[in-house]
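Asker: The structure that follows is given in the form of structure tokens.
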Amino acid sequence: MASLTIQLTGICASGNHLTFALSGAKDLVVNGELSEMLDPVTDDEAQAFVKIIAKLVRIGRTNAQARTALQAGVTVTL
């Protein structure tokens, strides 16, 4: 099974620039701005999220197992 951890690791003095560390199935540093986090989720972002979740479900599973898991539904709780 895949897992991801997202951690806010840095905030600039003004509080507008953020740095996140992504670790687990993918390791990456992500920079962003507070204003981006306050905007509503766009359709493009939601579509990208679904694709990422589907890829993460596939990790450690056969195609048949992944299909079964996705058909049953995947819940992401934050």
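Asker: Between 0 and 90 degrees, rounded to the nearest ten: what's the tilt of helix 43-58 against the longest Cα principal axis of the chain?
Answerer: 50
Asker: Right, here's the next one. Given Cβ point charges of +1 (Lys, Arg) and -1 (Asp, Glu) and nothing else, what value in debye, to the nearest 20, does the dipole of the chain about its Cα centre take?
Answerer: It works out to roughly 620 debye.
Asker: Assuming R0 = 30 Å, can you tell me the calculated FRET efficiency for the pair Ala64 and Ile6, based on Cβ-Cβ distance, to the nearest 0.05?
Answerer: It comes out at approximately 0.50.
Asker: If you split all Cα-Cα distances of the chain into 10 Å bins from zero, what percentages do you get per bin, shortest first?
Answerer: Result returned by the calculation: 16, 39, 31, 12, 2.
Asker: Give me the net charge for the shell around Thr19: Cβ to Cβ below 15 angstrom, other residues only, Lys and Arg +1, Asp and Glu -1. Walk me through the numbers before you get to the answer.
Answerer: Numbers: positive: none; negative: Asp27, Glu33, Glu36.
Computed value for this residue: -3.
Asker: Place the peptides 58-65, 9-16 in order of packing, highest mean first, counting for every residue the other Cβ atoms within 10 Å and averaging per peptide.
Answerer: Per-residue Cβ counts within 10 Å, averaged per peptide and sorted highest first, yield 58-65, 9-16.
Asker: Please work out how much length the chain gains when fully extended from Ile53 to Leu38, using 0.36 nm per residue of separation minus the C-alpha to C-alpha distance, in nm with one decimal.
Answerer: Full extension of this stretch gives 3.2 nm more.
Values quoted throughout were computed directly from the atomic coordinates according to the rules given, and no laboratory measurement underlies them. Not measured: the values here are computed from a predicted model. In this analysis, Cβ positions are derived from the backbone assuming ideal geometry, glycine residues included, and neighbour counts consider all displayed protein chains.
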